[in-house]
1. Considering every residue within the stretch 44-56, establish whether at least one is modelled with pLDDT of 65 or more and surrounded by 11 or more Cβ atoms within 10 Å (Cβ to Cβ).
2. Would you confirm, using the coordinates I've provided, whether Leu16 is in a loop (DSSP other than H, G, I, E, B), among the hydrophobic types (A, V, I, L, M, F, W, C) and either touching a Ser or Thr at 6+ places or on another chain (Cβ under 8 Å) or modelled with pLDDT of 75 or more (or both)?
3. Which count do you get for residues in the stretch 19-39 that are part of a loop (DSSP other than H, G, I, E, B), surrounded by 12 or more Cβ atoms within 10 Å (Cβ to Cβ) and either aliphatic (A, V, I, L, M) or at pLDDT below 75 (or both)?
4. Which residue pairs have Cβ atoms closer than 8 Å, lie 6 or more positions apart in sequence or on different chains, and pair a first residue in the stretch 24-44 that is under 16 Å from Ser14 (Cβ atoms) with a second residue that is surrounded by 11 or more Cβ atoms within 10 Å (Cβ to Cβ) and hydroxyl-bearing (Ser, Thr, Tyr)?
Amino acid sequence: MSNAIVTNSFKDVSHLPKLNGLNFTEWKYEFQNMMEQLGLKALLEAPPGGVLDAIPLEVNS
């Protein structure tokens, strides 16, 4: 067995309130803060122009 230590940045999410449909504003604020601390906030923001392509377009040659 390996003795390597696995680090998971998302292991400490106990401070995030569970989303229950009534607390979206609080959950969104806490989630955005966590993503910013992890350097991932850019993944939450749409690019200039407001269009975000979630699936890359396939290019046929």
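1. Among the residues of the stretch 44-56, at least one is modelled with pLDDT of 65 or more and surrounded by 11 or more Cβ atoms within 10 Å (Cβ to Cβ), which makes the answer yes.
2. yes
3. Looking only at the stretch 19-39, we keep the residues that are part of a loop (DSSP other than H, G, I, E, B), and these are 19-23, 38-39.
Filter once more, so that each one left must be surrounded by 12 or more Cβ atoms within 10 Å (Cβ to Cβ): 19, 23.
With either aliphatic (A, V, I, L, M) or at pLDDT below 75 (or both) added as a condition, the list becomes 19.
Number of matching residues: 1.
4. That search, which allows pairs on different chains as well, returns Leu38/Ser9.
The values are calculated or read from the model by the stated rules, or taken from the named source; none is laboratory data. Owing to the predicted nature of the structure, the values given are computational and were not obtained by experimental measurement. Note that each Cβ is placed from the backbone with ideal geometry, even for glycine, and that neighbours are counted across all protein chains shown.
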